[in-house]
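The values are calculated or read from the model by the stated rules, or taken from the named source; none is laboratory data. Everything quoted here is computed from the prediction, not taken from an experiment. Here the Cβ positions follow ideal geometry from the backbone for every residue, glycine too, while neighbour counts run over all protein chains shown. These area figures cover heavy atoms from the full protein model, side chains too; ligands, DNA and RNA do not enter into them. Shrake-Rupley method; radii C 1.70, N 1.55, O 1.52, S 1.80 Å.
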Amino acid sequence: MAIDFLDLKRANEPHEAAIREAMERVVASGRYILGEESAAFEREFAEYCGVAHCIGVGNGLDALQLILRAYGIGNGDEVIVPSTTFIATWLAVSQIGARVVPVEPDPRTCNIDPARVEAAITSRTRAIIPVHLYGQPADMEPVNEIARRHGIRVIEDAAQAHGARYRGRRTGGLADAAGFSFYPGKNLGALGDGGAITTNDDQLAAAVRKLRNYGSSVKYRHEVAGVNSRLDELQSAILRVKLRQLDAENERRAELASAYMSALTPAGALLQLPHVIAESAPVWHLFVVRTPNRNALQARLSARGVGTLIHYPIANHRQQAYAGERWPDLPIADRLQNEVLSLPMAPYLTIDEIRVVAAEVLEFFS
Ligand SMILES: *Cc1c(COP(=O)(O)O)cnc(C)c1O
């Protein structure tokens, strides 16, 4: 039995009829940018996250970048980010001219370690961007507390964690503002690029709403030098369809994750399983295991028809894009890039498929 890492066609099949209907509605409407569908999606996603505002943008990278810009962060400022994350978290900071200050994760969760954050704060620090990596909520309370004491902003990178809960509240409403991505492979994925900003901050909401649309709130009047980064009507209509099923799909992911957990327990100390922090409900964007024998395990699974991916094979400070800068020692990020392996995880998978993958993993270690 071949099991792909992720088959997006299979993932979208249950939504296909409703997506076609939504697309036809948009085609017939004659309105394709900033119309009723994007306004409705913004209302619905804000309500889903439990926040006052949602502003649709072109992608997740823009969402983070526009939040930083709207807070007036730029040249000469420092922003604390996790050493282990998708490169977009770092690029959002670099592209507004601020300095990336990487902080190592707690090796059990792979999320930013609040205990290390405070030591990285200087007089130039303006914000911290915790990432809910792999769909596991970061430990926000201690981060928010440190930020409050130092008078700096906290911005969630929620691109991998639509619907995840931390102490009963959803991601997107756990800090000053949050950036989401609707890239097709995310838990809430469009059929193209898309992103959103969520916040309870009225001023920030108004500022990013302007920035995403050429710095304009009244047509042809431009108050700031903005950008063009909008969530279009087609993607908004598709996302409205998929948002209705998001909780059910996330619950399914949780069932599959617990099937993996029990099936893989016999591997014992040879394989490190995901660690869920107290009072949190992850949404299992990825199911990531760890072993120093990662490359051999991946090759074996591939030979048996099981697709896997590595998130991420090259730590950001090792990327050519960041080669020109001097970085502190980041031994945890270095180790994770060599040990992490993402097993197949998608709502359409069956418990039997999970058992087949787990059996192949156990056989490798036996
Ligand atoms: C996907 C992702 C982004 C960027 O989203 P895009 O829509 O691809 O720009 C940012 N941060 C994290 C952690 C992501 O996984």
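Applying 1/(1 + (r/R0)^6) with R0 = 22 Å to the Cβ-Cβ distance of Glu255 and Arg167, what FRET efficiency is obtained, to the nearest 0.05?
Calculated transfer efficiency: 0.45.
Assuming a strict under-29 Å limit between Cα atoms, what lysine pair count do you get for the chain once near-sequence pairs (fewer than 8 apart, same chain) are dropped?
6
Just to confirm, what accessible area per residue do you get for the chain at 1.4 Å probe, in whole Å²?
Ligands and nucleic acids excluded, the figure is 43 Å² per residue.
Working out 0.36 nm times the residue gap between Ala299 and Ala321, then minus their Cα-Cα distance, what length gain in nm do you get to one decimal?
Full extension of this stretch gives 5.1 nm more.
Suppose the Debye formula is applied to equal point scatterers at every Cα of the chain; what is log10 I(q)/I(0) at q = 0.13 Å⁻¹?
-1.04
Name the residues of the range 50-82 whose amide N is less than 20 Å from a point 7 angstrom out from the Cα of Arg116 along the C-beta direction?
Under 20 Å, as judged by backbone N against the label point of Arg116, lie 78-82 of the range 50-82.
Sort all Cα-Cα distances of the range 218-366 into consecutive 10 angstrom bins from zero, then give the percent of pairs in each bin up to the one containing the longest distance.
Final binned percentages: 9, 29, 26, 22, 10, 3, 1.
Hey, if we sort Ser94, Ser229 by accessible area with the 1.4 Å probe, largest down, what's the order?
Reading off the accessible areas and sorting them downward yields Ser94, Ser229.
Counting Lys and Arg as +1 and Asp and Glu as -1, what is the net charge of the other residues whose Cβ lies under 10 Å from the Cβ of Tyr71?
Summing Lys and Arg as +1 and Asp and Glu as -1 gives 0.
With a 1.4 Å probe and every protein chain left in place, tell me how much accessible area Phe365 has, in Å² to the nearest 10.
My reading of the accessible area for Phe365 is about 40 Å².
Using amide H atoms built 1.01 Å from N in the peptide plane, name the residues 5+ places from Ile3, or on other chains, whose amide H lies under 5 Å from its own.
The answer is Val306, Gly307.
Quick one: work out Rg over Rh on the C-alpha atoms of the range 108-208, Rh as Kirkwood radius.
0.98
Just to verify a number: what accessible area does Trp327 come out at with the full protein assembly present, 1.4 Å probe, Å² rounded to tens?
Estimated to the nearest 10 Å², Trp327 gives 50 Å².
Given a 10 angstrom Cα cut-off, can you work out which residue in Asn213, Asn59, Asn111 is the most mobile in a GNM of the chain?
It is Asn213.
Between Gln203 and Ile277, 0.36 nm times their residue separation minus their Cα-Cα distance comes to what?
Extending this stretch completely gives an extra 23.4 nm.
Rounded to the nearest 500, what is the chain's calculated 222 nm mean residue ellipticity when only DSSP H runs of at least 4 contribute -39500 (n - 2.57) each, over all residues?
-11500 deg cm²/dmol
Of all the accessible heavy-atom surface of the chain, with the other protein chains kept in place and a 1.4 Å probe, what percent is carbon and sulfur?
Solvent-exposed carbon and sulfur of the chain make up 49 percent of the total.
For the range 226-280, what are Rg and Dmax over the alpha carbons, in angstrom?
Rg, Dmax (Cα atoms, Å): 18.3, 55.
Can you list residues from other chains, or at least 5 along the same chain, whose modelled amide H is less than 5 Å from the amide H of Gly226?
Under 5 Å from the amide H of Gly226: Gly215.
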